[in-house]
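Structure first, commentary second.
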Amino acid sequence: MGSQGGGDGEEVNMAAWLVSINTLKIQPFKLPSLGPHDVRVKMKAVGICGSDVHYLKTMRCADFVVREPMVIGHECAGIIEEVGSEVKSLAPGDRVALEPGISCWRCDYCKEGQYNLCPEMKFFATPPVHGSLANQVVHPEDLCFKLPDNVSLEEGAMCEPLSVGVHACRRANVGPETNVLVMGAGPIGLVTMLAARAFGAPRIVIVDVDGYRLSVAKELGADEIVKVSTNMQDVSEEVEQIQKAMGDGVDVTFDCAGFSKTMSTALSATRAGGKVCLVGMGHNEMTVPLTPAAAREVDVVGVFRYKNTWPLCIEFLRSGKIDVKPLITHRFGFSQKEVEEAFETSAHGGSAIKVMFNL
Amino acid sequence: MGKGGQSEGNGAQCEENMAAWLLGVNTLKIQPFKLPSLGPNDVRVAMKAVGICGSDVHYLKSMSCGDYYVKEPMVIGHECAGIIKEVGSKVKSLAPGDKVALEPGIACWRCKPCKEGRYNLCDEMKFFATPPIHGSLANQIVHPADLCFKLPEGMSLEEGAMCEPLSVGVYACQRANASPKTSVLIMGAGPIGLVTLLAARAFGVSKIVVADVDEVRLAIAKDLGATAVIKSSQNMEDVGKELELIKEALGGAEADVTFDCVGFGKTMTTALKATSRGGKVCLVGMGHSDMTVPLTPAAGREVDIVGIFRYKNTWPLCIDFITSGKIDVKPLITHRFGFSQKEIEEAFATSARGGSAIKVMFNL
């Protein structure tokens, strides 16, 4: 990355670098110069995602491999410090939430409005593109969304994981007549549940192996919670329990865990003509009863990140239709010791839902 | 459909109505088949052309298919066309002498899927030769008039019977959104893969690659308009190699829509990996129930999997495609048999054999 932006004697911009397996180091991070459509943002709130943890532990995530030190983090919000020469909609002092991915706008996917699938996508903390757990970042103006007065910077950072739930609900066509089943009450299962409710879902059943996470889900508005196991033999029994808990047919199931067991349960529990949306990325290969599901026209819909979700997320937060604040369970400052502790807490799971940095 | 009293049109003396009954594993017998009385909205049809489907063969071999079990003798067959003999009191659109193709399934029109236009998923569907409903390999049957579609001049009864399997291909193309913008990959060049190929071309698809293990069937696919054919194996280790061949055949690109007309772990794995992000894989074939597939990477590229169950509202379009010449189903009819005990046994054995036997047709 090129020369540091700004002229006068400024503090060195620091960031949390992923240097090698299990090794994060706060080090200087040179910012590129500000393009005419860019803004420079002072980071205030940055959340930790499961993918950030995965990169820390393995230096890779699916087909993406970290080959050289990379700044981590992508769920973020901050305050505008400086705007490029052509920027009209934002000004220094504005509080903004950031959409991480910069697409190319030249390929067929971008032109057809499926920019989340852009093969040239430059996404915070997906190698080789640096992330945003830093004092400052430079980012395109059109990917920075102004926060209303009643939406905090932490809530702004939560727009990123919430966007996954929102995009999933759109792809699965959730509406006021959709009975929803959510497999998994982790951060993604929970934001998906919140999004489904905001989209009007009248009845939501959520399942998990963890009793504590289920109680969180109940507090956040799940109609019914069902404790399930990790044993394949329990699928039929659990399908019965789920259908009983729903009372009516399951129209859409979100698998926010992504294992053979959860997908098998999802495919069997969903009514004919319904949809199963695979959100979670548990296992690569799965053994599932695909044919019986296909023969009942239970379609399987995938999601990759999101597109055009920030305005809707911000509106949901502004109006109170969605309250993400309960999901933020742990907070840390931006120091070497705290960065290490924060990631350990997030990796631990359990009662840690969203771990947030305050810079 | 019950086995009510035998109906006699116009008081004239009728020959006894005979049908091919499935009595037990590998046991078909031509026996009398009593027709129900004609309802006001029904028609009585003399069957003229009946094709054999893979499911008919499956029932013959195992007395079951999926979750359906044959618990008592059942008339087999459902791909059919014939000539109207008699119409019910309220029937206006059809008359005796009309040539018609029959859509097999009678939906209830009271349940949620029916009311939402997805009648193929009807909870109470009564479908020819899906137990306990009798099929149509018979001299005559009684059927609702609205499920009998008049064949235009120049369209044969055999082509009429072919509308049923063709409907599967047409409906698959609809669910998967096949269009002139989409390149297509078809796994399997059996009867279903081939009707899907024909349907895809009629939907305007210009690039269609077909993969199969059988060279004879691949040659047929090429004749029927596949842009390229690929010989595949049944070994999982060959997936990588086959993906390269598929990509090459598509000019270096991935398939926008893939139809798996086989339905095994290997074919679905290939399908998921060969399809471009944002594309669709339509699982048509019913090979294995459980499959081990790389579902997550596919979902992570927004490659959706759509299933199909039979079809809905496809007969008018099929008839259109055939009469306009956009689709020619005649080459798929490879073997013909008459309606006698010996011939039905031979016909089913031929169909079960596969290979060069694509569609085996009865002429009654």
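The values are calculated or read from the model by the stated rules, or taken from the named source; none is laboratory data. In this text, all values refer to a predicted model and were calculated from it rather than measured experimentally. Note that each Cβ is placed from the backbone with ideal geometry, even for glycine, and that neighbours are counted across all protein chains shown.
Worth pointing out:
- The residue list A:GLU340, A:GLU297, A:GLU344 contains one member that is assigned by the TED database to the domain that holds A:GLU240 and modelled with pLDDT of 95 or more, which is A:GLU297.
Residue-by-condition table, conditions (1) part of a strand (DSSP E or B); (2) more than 14 Å from every other protein chain (Cβ to nearest Cβ); (3) buried (at least 20 other Cβ atoms within 10 Å of the Cβ):
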{"site": "A:CYS277", "(1), (2), (3)": "yes, no, yes"}
{"site": "A:ALA293", "(1), (2), (3)": "no, no, yes"}
{"site": "A:ARG296", "(1), (2), (3)": "no, no, no"}
{"site": "A:TYR306", "(1), (2), (3)": "no, no, yes"}
{"site": "A:PRO311", "(1), (2), (3)": "no, yes, no"}
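So that you can scan it fast, the table gives a plain yes or no per residue for (1) under 20 Å from the mean Cα position of the chain (by Cα); (2) over 27 Å from A:LEU290 (Cβ atoms):
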| residue | (1), (2) |
| --- | --- |
| B:MET286 | yes, no |
| B:THR296 | no, no |
| B:GLU302 | no, no |
| B:VAL306 | yes, no |
| B:ARG310 | yes, no |
| B:ILE322 | yes, yes |
| B:SER340 | no, yes |
| B:ALA347 | yes, yes |
| B:SER356 | yes, yes |
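- Where B:PHE127 falls short, out of the listed (1) more than 14 Å from chain A (Cβ to nearest Cβ); (2) under 14 Å from the mean Cα position of the chain (by Cα); (3) within 21 Å of B:ASN41 (Cα to Cα): (1)
- Residue in the stretch A:315-332 that is closer than 24 Å to A:TYR212 by Cβ, more than 11 Å from chain B (Cβ to nearest Cβ) and in contact with a Ser or Thr (Cβ under 6 Å, 6 or more places away or on another chain) present: yes
- Of all the numbered requirements in (1) among the aromatic types (Phe, Trp, Tyr); (2) assigned to a loop (DSSP other than H, G, I, E, B); (3) in contact with an Asp or Glu (Cβ under 9 Å, 6 or more places away or on another chain), B:PHE362 misses one, and that requirement is (2).
- Screening the stretch B:243-338 for helices (runs of 4 or more DSSP H) wholly inside it with 1 or more residues that are buried (at least 21 other Cβ atoms within 10 Å of the Cβ) and more than 8 Å from chain A (Cβ to nearest Cβ) returns the ranges B:265-274, B:315-324.
- Failed criterion for A:GLN243 (all others in (1) within 18 Å of A:VAL276 (Cα to Cα); (2) under 23 Å from the mean Cα position of the chain (by Cα) hold): (2)
- The stretch A:214-224: number of residues that are buried (at least 17 other Cβ atoms within 10 Å of the Cβ) and either within 18 Å of A:THR270 (Cβ to Cβ) or touching a residue at least 40 places away in the same chain (Cβ under 8 Å) (or both): 5
- Residue check, A:ALA125 in a helix (DSSP H, G or I) and either in contact with a Leu (Cβ under 9 Å, 6 or more places away or on another chain) or not assigned by the TED database to the domain that holds A:VAL279 (or both): no
- Set A:CYS159, A:CYS118, A:CYS144: member being crowded, with 23+ Cβ neighbours inside 10 Å and under 21 Å from A:LEU278 (Cα atoms): A:CYS159
- Any chance B:VAL87 is touching a Cys at 6+ places or on another chain (Cβ under 9 Å) and at pLDDT 95 or above: no
- Only listed residue being over 23 Å from B:ARG277 (Cα atoms) and surrounded by fewer than 20 Cβ atoms within 10 Å (Cβ to Cβ), chosen from A:GLU112, A:GLU82, A:GLU75: A:GLU82
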